[in-house]
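Working notes, beginning with the structure itself.
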Amino acid sequence: KSIEICKKYNFESVLNQNRWMLSTIYVGCFEDHEKAFKIQTELIASFRKLKDSTQLAGALNVTAWGLIKNIRFKEARVYLDEAYKIGHKVNAKYFLQYICSNLAKTSMYEKRFNDAKKYIDEGVEIATELKNRDALTTYTSDLAYYYFATQNFRKAFETEFQESKIFGDARAKEVMNSMANFEIKYQTEKKEKMILEQQLQISTQRNWILGIIGASLI
């Protein structure tokens, strides 16, 4: 519905946000890669027209991600190579951390293990700089797959353990934040309830006083 409105009034920026989200839903939730790819193609064309290199790098990467999910690594490589070049040209580190992850996955599928390790190392460096714990968790998983593929099983096991720790720490932090939010909400509601009770008590007392004064006057 939002896309229809955006097209009608030429809201290209919001239209691209909708395209991005909708394509992600088609890939991640419905696995409808054909519809996702059609929308992603529109998204790429729009960013080329707008000459928005940063967003273009991200759009190329998200298109490649959909192709990877559909086991179309050869096609994904074309989009990723362009995204990687653009990302470095405009220093789009936010997108580069994810582009490197997809390039690592593609390289491992192609049995180009040295390239895979290079992209993993680069991605880890960027994700560490940006303090992106979720991306670091993904890279730890990628690294475990790399060690498994190169038959370094000891390292694969150690890396898997490290991934569990990172994910566990992230989850623990998320739970703690959630608990803190619930506590704040509970205390706020408690105070609001006390205020309402006090107001009701004052109102009741006032009514009694007015009633007694009225009765005395009568």
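Residues Ile3, Ile68 ordered from highest to lowest accessible area at a 1.4 Å probe: Ile3, Ile68.
At the residue level, Glu158 shows approximately 80 square angstrom of accessible surface with a 1.4 angstrom probe and all protein chains present. Legend: residues Val78, Val124, sorted from most to least accessible area (1.4 Å probe; ligands, DNA and RNA excluded), read Val78, Val124. The mean sequence distance of close C-alpha pairs (under 8 Å, at least 6 residues apart), as a share of the length of region 1-72, puts its relative contact order at 25 percent. At a probe radius of 1.4 angstrom, the accessible area of region 46-131 per residue rounds to 53 square angstrom.
Using heavy atoms of the protein chains and a probe of 1.4 Å, the accessible area assigned to Thr138 is about 60 Å².
Computed on region 14-144, the Cα convex hull volume stands at 103 Å³ per residue.
On region 1-58, 57 percent of the accessible area sits on carbon and sulfur atoms, based on a 1.4 Å probe.
Each residue of region 52-59 is assigned a 3J(HN,Hα), and the resulting list reads 9, 5, 4, 5, 5, 4, x, 5 Hz, derived from the Karplus form 6.51 cos²θ - 1.76 cosθ + 1.60 (θ = phi - 60°), x at Gly and Pro. Considering only Cα-Cα distances, which of the following residue pairs are longer than 31 Å: Lys1/Lys118; Lys38/Lys93; Lys69/Lys93; Lys38/Lys89; Lys51/Lys74? Correct reply: Lys1/Lys118. Using a probe of 1.4 Å, the accessible surface attributed to Arg133 totals some 100 Å² when neighbouring protein chains are kept in position.
The values are calculated or read from the model by the stated rules, or taken from the named source; none is laboratory data. Just so it is clear, the model here is predicted, and its values are computed rather than measured. These area figures cover heavy atoms from the full protein model, side chains too; ligands, DNA and RNA do not enter into them. Shrake-Rupley method; radii C 1.70, N 1.55, O 1.52, S 1.80 Å.
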